[in-house]
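The structure appears below as structure tokens.
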Amino acid sequence: MRLLRILRKEWKTSLLVFLLLFGQAMFELALPGYTSSLVDVGIQRSGIDSPSPDYLSARSRDSLRGMLSPQQQEIFDKAYLLTDGLYVLQTKAGDERKQLDDMLLMPAALLGMAQLPQGEGMQGMLTQLRQSGLSMQEIQTRAQTMLGGMGGDAALEQAAASFVESEYKQLNIDVNGLRNAYLLRTGGIMLLITLLMGALAASVSFFASRTSSRISRGLRRDVFGRVMAFSSTEVEKFSAASLITRTTNDIQQVEQGLMMTMRIVFYAPILGIGGVLRVSSTNTGLGWIIFVAVGLIMALMAVMAFVVVPRFRLMQKLTDRLNQVGREILTGLNVIRAFTREDFERERYDQASKGLAGNMLFVQRSFSTLMPAMMLVMNVISILIVWFGAGSIDKGTLQVGEMMAFISYTMQIVSSFMMLSMTAVFLPRANVALERLQEVLDTPSSIQSPDSPVPMPEEVRGEITFHDVSFRYPDAEEDSIQHVSFTARPGETVAFIGGTGSGKSTILNLIPRFFDVTQGKITLDDTDIRQFDIHQLREKIGFVPQKSQLFTGTVEDNIKFSDPLMPDNNMISAARIAQAQEFIDKMEQGYQSPISRGGSNVSGGQKQRLSIARALAGEPQVLLFDDSFSALDFITDAKLRKALEAQRQNATVLVVAQRISTVLHADRIVVLDAGQVVAQGTHEELMRGSDVYRQIASSQLKTEELSLKDSDVGEGE
């Protein structure tokens, strides 16, 4: 039902596929009937499919006419016209021909049986009935009653065909030619039906594949769009490995499930119901076998669903686990090698792989028993049909062709259930995958724009103020920062320093709303940042993360990441301020030089400078540097800060740093300890009044970097 709800998006194509499948099923259901006709009519009756001969001699005409009632004789006289000494049938088709066939079936059968070598008793019976003074209607009724015990309708049709064949031979009509013509005509129709079935099947495959691909593309777009809107909280909740699995493997499973739904789940019920209707319209007396077959198959499917479906849910979780372990190992490969932990990690990956392999083996083994069980049911059903059908053939109540058609219909019914059972390989897994995708789509981002956002001013000053801000990470037991208050004004550089885990990076992550505050508020130009549209807010902020991240493309693509249409002057100016111009000029293609995935073809310092240039290129009003100078040497660090101060005088700059040299000349330094602001001021003020800052600074005072002043850095160095 979940898959069908998704298919509603493509209801027109789905309806077309259903109609094509209906036509295909109707053609397939028609084939057993033609097979029956080939055997019963084409072979056993020499191609004679009607008890009404096309040509009659005067003697045979009188014999037939004498066994009809006066009303029937009038119809008979109109149907045959004397031409060149023979009576030629004028009624070729339609209701009149059917009426004539029904009327002549009994007389023709009686005459056919009377012509047999053992038919002397039949002739005597007819003579007695005629001499009894009964009406022709009563004679036919008594004769039919007598013949009923000798085989019923099947025997009547065969006897009538024998009469017509005998009549044709007496008139020197080529009976073999009639047989061959009937066989060729019926075989040609069957061939045409088969070709049409193939064309319809190809059309169904085309439309089903296109529709499922289109839906999966939309799902992939929706899921990825939802993931892009997630905050760090939701990403950590699902894990990056699980989200990757859901946007790739899970969507592929759904696509296969949709294709199976359109090609099999739609088709199997049509074929099965059609087969049941065709079987129920026959008087073979073997219908109970169908119910036995369907009951056995349903029982097998129920057991399989009970055993296997829970395993599919576990399979997706094990796939997530395997991807997560593999991602961790590949990401930390150098660390693993450095500590010679290859064997341990190989074993850890092997355990995750064994868990998934064991689950898949269980599923495959379960399904490997399903197919032999289904084949056993089909073969047993075939034996039952032949066994009981042979008895009916012996009694004359069933013909060989009818039994063959019944077997074909039964196999179609059983096959339809087998096709449904085969979808059990895909549909339960697709259902689990769809649930996992729906879980992502139904999870709202904890960071969203308000329904009626405050318009962003045309001129943003960039004043950032923390008003008694506290924040706690999801599932954490205590706040990461507590009661933080400060103001960063335009043109100021505010630096944050403190020990590991003191909350420095957390403060910067709150400003672009990667997380929302737990208590208090943050304002931009006296307006709570939660009242702005989140995209407009982030357009005013330039962020350089602690871990530099570059994207596949060129140097220009990465620097112009915020706006590919920005003027080249912005890009070049940002590269100069970030001290990246020098190494960019040394590249063979300059700004068009390629950057590999993750920036693997540039050094850590170059990567960090390109990240800084990317933040500066958009000329934001607020600049956030999250320990972004750690990979730079002291000279480059000093040059960058001096250029930044000279050319971004109106920007509000917030810097997280570990080195005292980086924050030494900040307009204000905020000292954090255990998530709380313990001191604020300039370097000199904090050296005099803050023990925490003094301890941090004293650990670096003896280093040469701390004595380096901006005045020591020349313009040309």
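The values are calculated or read from the model by the stated rules, or taken from the named source; none is laboratory data. Remember, it's a predicted structure, so these values are computed and weren't measured experimentally. Note: ideal-geometry Cβ built from the backbone for every residue, glycine included; neighbour counts use all protein chains shown.
If you check D102, D95, D77, D84, which single one turns out to be without any contact (Cβ under 8 Å) to a residue 24 or more places away in the chain and within 22 Å of A159 (Cα to Cα)?
D102
With over 20 Å from E28 (Cα atoms) and either out of contact with any Phe, Trp or Tyr (no Cβ under 7 Å at 6 or more places or on another chain) or at pLDDT 80 or above (or both) as the only criterion, which of L420, L376 stands out?
Just one listed residue meets the conditions, L376.
Looking at region 521-536, can you tell me whether even one residue there is surrounded by 20 or more Cβ atoms within 10 Å (Cβ to Cβ), on the phi < 0 side of the Ramachandran plot and within 42 Å of the chain's Cα centre (by Cα)?
Yes, region 521-536 has at least one match.
Considering only residues that are of a type in the set (S, T, Y) and assigned to a helix (DSSP H, G or I), look in region 50-86 and name the one that is modelled with the highest pLDDT.
Within region 50-86, the match that is modelled with the highest pLDDT is S60.
Evaluate region 540-556: report whether one residue or more is over 39 Å from the mean Cα position of the chain (by Cα), under 16 Å from L624 (Cβ atoms) and in a strand (DSSP E or B).
yes
Are any of the residues in region 229-240 of a type in the set (K, R) and either at positive phi or free of Cβ contacts under 8 Å to residues at least 24 places away in the same chain (or both)?
no
One line per residue, one yes/no per condition, for (1) touching a Phe, Trp or Tyr at 6+ places or on another chain (Cβ under 9 Å); (2) crowded, with 19+ Cβ neighbours inside 10 Å:
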site: I290; (1), (2): yes, yes
site: V303; (1), (2): no, no
site: T319; (1), (2): no, yes
site: G326; (1), (2): yes, no
site: G332; (1), (2): no, no
site: A338; (1), (2): no, no
site: D343; (1), (2): no, no
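If I filter region 184-193 for residues that are polar (S, T, N, Q), more than 50 Å from the chain's Cα centre (by Cα) and under 30 Å from M26 (Cβ atoms), do I get at least one hit?
no
Give, as residue ranges, the strands (runs of 3 or more DSSP E) completely inside region 471-531 that count at least 1 residues that are farther than 27 Å from T682 by Cα and of a type in the set (F, W, Y).
Of the strands (runs of 3 or more DSSP E) lying wholly inside region 471-531, none has at least 1 residues that are farther than 27 Å from T682 by Cα and of a type in the set (F, W, Y).
If you check L178 against the conditions, is it under 16 Å from S52 (Cα atoms) and either part of a helix (DSSP H, G or I) or touching a residue at least 12 places away in the same chain (Cβ under 8 Å) (or both)?
yes
Would you call I669 closer than 16 Å to E492 by Cα and of a type in the set (V, I, T)?
Criteria met by I669.
Answer yes or no as to whether S548 is hydroxyl-bearing (S, T, Y) and closer than 25 Å to I507 by Cα.
Yes; evaluated as a whole, the condition is true for this residue.
One line per residue, one yes/no per condition, for (1) modelled with pLDDT under 80; (2) over 23 Å from the mean Cα position of the chain (by Cα); (3) not assigned by TED's automatic domain parsing to the domain that holds K237:
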site: L314; (1), (2), (3): no, no, no
site: L322; (1), (2), (3): no, no, no
site: T331; (1), (2), (3): yes, yes, no
site: F344; (1), (2), (3): no, yes, no
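Which count do you get for residues in region 438-477 that are under 45 Å from the mean Cα position of the chain (by Cα) and not hydrophobic (A, V, I, L, M, F, W, C)?
The qualifying residues number 20.
Just to verify a result, which residue in region 590-619, among those that are under 12 Å from A631 (Cα atoms) and among the basic types (K, R), is surrounded by the fewest Cβ atoms within 10 Å (Cβ to Cβ)?
Ranking the qualifying residues of region 590-619, first place goes to K607.
Just to confirm my filter: which helices (runs of 4 or more DSSP H) fall fully inside region 214-274 and include at least 1 residues that are of a type in the set (D, E, K, R) and within 16 Å of L437 (Cβ to Cβ)?
Filter on region 214-274 gives 232-238, 251-260.
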